[in-house]
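The values are calculated or read from the model by the stated rules, or taken from the named source; none is laboratory data. Since the model is a prediction, treat every value here as computed from it, not as a measurement. Here the Cβ positions follow ideal geometry from the backbone for every residue, glycine too, while neighbour counts run over all protein chains shown.
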Amino acid sequence: MSTLPFVILEDILCRLPVKSLKRFRCVAKSWCFLIDSEYFIKLHLRRSMITNSNRNLILGGLGLYSVDLDSLDKAQVIRPPFYYKSVDIITNSCNGLVVVMSQPPVLWNPFSRSYKILPDSVVEYPTELESYSKTAYGFGYDSTNDDYKVVKVVEFRNKISHVWMCSETKIYSTKSNSWKRIEGFPYSLPFLRVHWRVHVNGALYTLVEDPERIHSGEFLKILAFSVETETHFEEPMPPGIRLRDVGVNLDVIGGCLSVVCSRISQVTIWVMKEYGVKESWTTLISIKSPLIDPHDFMKPLVYSRDGNKILLNCDDKRLVLYDLRNKTLENVNVDGLPFVFYAEVCVESLVSIDAPDEVKKHGPRKKMTRRSSNKSDDFLAEGFKLVL
């Protein structure tokens with residue numbers, strides 16, 4: 001039996017799903033060394049993103065499930081290798097990693113099954129007796145330092161009036177394996193599912209109420225937090241949106257920031273085509289009755305492979321495909337789907353959660369490692385268009 005050239009072997013392996021790669025580590029020491037190397041981990045992730053392969057939905061709410069986006073045929077139960085609360089809440093996926101909102105939180109790769117229980121983070125802010133606290137989490141990737149960061153915001157509110165008083169913000173870094181305290185978040189955060197779901201271009205996004213405009217029709221604004229610079233900044237809302245009697249949510253679709261506006265019997269989804277450019281806000285879809293029921297809300301998930309359809313989470317109870325050309329809506333039948341859920345798009349990856357000195361830094365092709373790794377880092381920092 002002849003031996004395959006290394007270049008061909010590498011090309012074959014980087015196309016495979018994570019489950020197969022974990023199994024193939026046992027074939028030979030050279031295979032194990034390659035698959036575990038930082039070079040190959042980024043090569044595999046980059047190829048999956050470019051080719052829109054090895055992509056899944058992670059469903060939470062009543063247990064944890066995964067659904068293969070290429071087939072959309074069956075929901076598979078996921079059993080994490082660690083203890084977690086019965087309410088299955090996870091953050092957005094970032095390069096194949098999620099944070100499970102257990103106590104303490106767990107950084108987890110659902111497909112390689114590696115995980116890291118985050119160290120304790122004690123609240124340092126002195127609290128008054130008449131206040132109570134709530135905690136929200138965010139998760140993002142710092143491409144400048146090739147570091148994954150968890151943001152923890154503890155808010156303090158008055159026990160009687162429930163008015164926001166102040167907050168304490170800490171950041172956990174996988175590289176340092178420690179928390180550090182930074183400037184507190186300047187606004188009250190919405191506590192829907194206790195985390196930010198939107199991560200685009202190295203920043204976390206949320207909607208906040210501007211107290212100076214609380215009585216106007218433009219009291220909401222988009223506030224972002226950069227996990228790279230660890231600073232806050234604002235992004236412009238889509239033009240012409242009147243917020244009275246309208247439900248507004250932030251999402252991400254195809255690597256672009258999106259705003260979902262829900263009225264009775266109508267849902268409109270905007271996307272920011274050029275990152276940070278106000279004039280690039282564009283209406284992606286507008287769905288009206290009778291295609292949707294009154295008070296239905298939609299969460300955009302992913303484009304179809306040909307870009308002509310969008311997979312949507314409808315009312316956290318069903319998946320639907322919206323045809324951009326024909327303006328039609330069809331249900332997607334997935335066996336084993338729980339009757340209520342929320343969904344996050346997740347690409348399979350080999351990204352390690354170990355401490356930096358535990359990770360093999362170079363693959364067999366050492367001359368290519370530095371150049372390829374830098375290109376991969378640049379790619380991961382950019383938005384990418386997920387498709388079915």
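Suppose we filter the stretch 96-112 for residues that are in contact (Cβ under 8 Å) with a residue 40 or more places away in the chain and surrounded by fewer than 18 Cβ atoms within 10 Å (Cβ to Cβ); how many remain? Of the residues in the stretch 96-112, 0 are in contact (Cβ under 8 Å) with a residue 40 or more places away in the chain and surrounded by fewer than 18 Cβ atoms within 10 Å (Cβ to Cβ). Scanning the stretch 117-166 for residues that are of a type in the set (Gly, Ala, Ser), closer than 28 Å to Tyr83 by Cα and not in a loop (DSSP other than H, G, I, E, B) yields Ser133, Ala136, Gly138, Gly140. Exactly one residue out of Ser66, Ser71 is assigned to a strand (DSSP E or B) and closer than 27 Å to Ile41 by Cα, and it is Ser66.
Of the residues making up the stretch 230-278, just one is in contact with a helix residue (DSSP H, G or I) (Cβ under 6 Å, 6 or more places away or on another chain) and buried (at least 16 other Cβ atoms within 10 Å of the Cβ), namely Met272.
For the stretch 79-88, the criterion of being surrounded by fewer than 18 Cβ atoms within 10 Å (Cβ to Cβ), closer than 19 Å to Val302 by Cβ and in contact (Cβ under 8 Å) with a residue 24 or more places away in the chain is met by no residue.
If the condition is being within 24 Å of Val198 (Cβ to Cβ), touching a strand residue (DSSP E or B) at 6+ places or on another chain (Cβ under 7 Å) and without any contact (Cβ under 8 Å) to a residue 24 or more places away in the chain, then the stretch 315-347 contributes Arg318, Val320, Leu321. When you look at Lys299, is it touching a helix residue (DSSP H, G or I) at 6+ places or on another chain (Cβ under 7 Å), more than 21 Å from Tyr141 (Cβ to Cβ) and at pLDDT 90 or above, yes or no? No, not satisfied.
For the stretch 132-164, the tally of residues that are surrounded by fewer than 16 Cβ atoms within 10 Å (Cβ to Cβ) and more than 12 Å from Glu228 (Cα to Cα) stands at 9. Here Cys26 passes the criteria (1) in a loop (DSSP other than H, G, I, E, B); (2) under 30 Å from Phe339 (Cα atoms); (3) at pLDDT 90 or above except the one numbered (2).
For the stretch 34-41, does any single residue satisfy the condition of being in a loop (DSSP other than H, G, I, E, B), among the hydrophobic types (A, V, I, L, M, F, W, C), surrounded by 11 or more Cβ atoms within 10 Å (Cβ to Cβ) and in contact with a Leu (Cβ under 6 Å, 6 or more places away or on another chain)? Break it down into steps so the answer makes sense when it comes.
Taking the stretch 34-41 first, the residues in a loop (DSSP other than H, G, I, E, B) are 37.
Filter once more, so that each one left must be among the hydrophobic types (A, V, I, L, M, F, W, C): none.
No.
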